[in-house]
Amino acid sequence: MAEKIKVENVVASTDIKKIISLDKLLTVLEASEYEPEQFPGLVYRLDEPRVATLIFRSGKIICVGARSTADAKVALRKTVKNIKRIGIRVNENNIKVKIENIVVAIDLGKDLNLDQLAFRLEDSEYEPEQFPGLVYRIYDPKVAFLLFSSGRVVCAGAKSLDAVKLAVKKLEAIKTFTAFSYNMTKEVVASHHFHCRGVARNRTPVLLPPAEARPVIVNVYTDGKTDVLCQYSIGVECQAELTTAKGKCPIS
């Protein structure tokens, strides 16, 4: 896989199933904060690994900010070991750690046309006036992608690195468009953009609407399988026969 995947945040949790006196814990843990009027948990910061753990009275503990699943597990065990300083009996080596969320950043190494992807992808949301990224969700594995025009992608919601890699492969299979450019002098649409689809497998021609004549570069994007997405200002009674199998787009 050519893409560069960088883990930005691992969220993990454990539950010691014992009531914890957070007021008492505050007095023995350095680098800890507890303001119950603002947040019900005690925030405990570790230097190695550099993470924060959220400790709740119920015995649930959440680690945020880890850069690997291994670091998250180490941080939770250290936290439980330090909690024992207020007299709670628990073996930190026997705790069960659950990975809640892995957030990764991916560099695809190429620019993305978010307008076209929003049209192409189901279960996507793109409102550039409110947020510059396109939100795209898949359900196996269950993750959400944030795609940016620069080619940067953020993936959140995965429970393991294997799930991250599978999700990225599925994204790549959907978003990989091969671009072809053709110079063409035909009658073209001067100011109106339109959408059309053609089924490449059946070599169905796409009929294009009439307009005034001028040169244009036609770009056809294909996923290499069955359908082609066009979003351009192209010509009068012109047929673009779409043949993805050989990567050709003859303009008649």
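Tabulated results
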quantity	calculated
Test for Arg67: is it closer than 21 Å to Cys155 by Cβ, in contact with a strand residue (DSSP E or B) (Cβ under 9 Å, 6 or more places away or on another chain) and either modelled with pLDDT under 95 or in the same structural domain as Ala156 (by TED's automatic domain parsing) (or both)	no
Extreme residue, surrounded by the most Cβ atoms within 10 Å (Cβ to Cβ), among residues of the stretch 121-166 that are of a type in the set (D, E, K, R) and at pLDDT below 90	Asp123
Filter result for Lys170 (under 12 Å from the mean Cα position of the chain (by Cα), modelled with pLDDT of 85 or more and closer than 30 Å to Thr79 by Cβ)	no
The stretch 62-78: number of residues that are over 9 Å from Ala12 (Cβ atoms) and among the hydrophobic types (A, V, I, L, M, F, W, C)	2
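The values are calculated or read from the model by the stated rules, or taken from the named source; none is laboratory data. Note that this is a predicted model, so its numbers are computed, not measured. With ideal geometry, Cβ positions are generated from the backbone for all residues, glycine too; neighbour counts draw on all protein chains shown.
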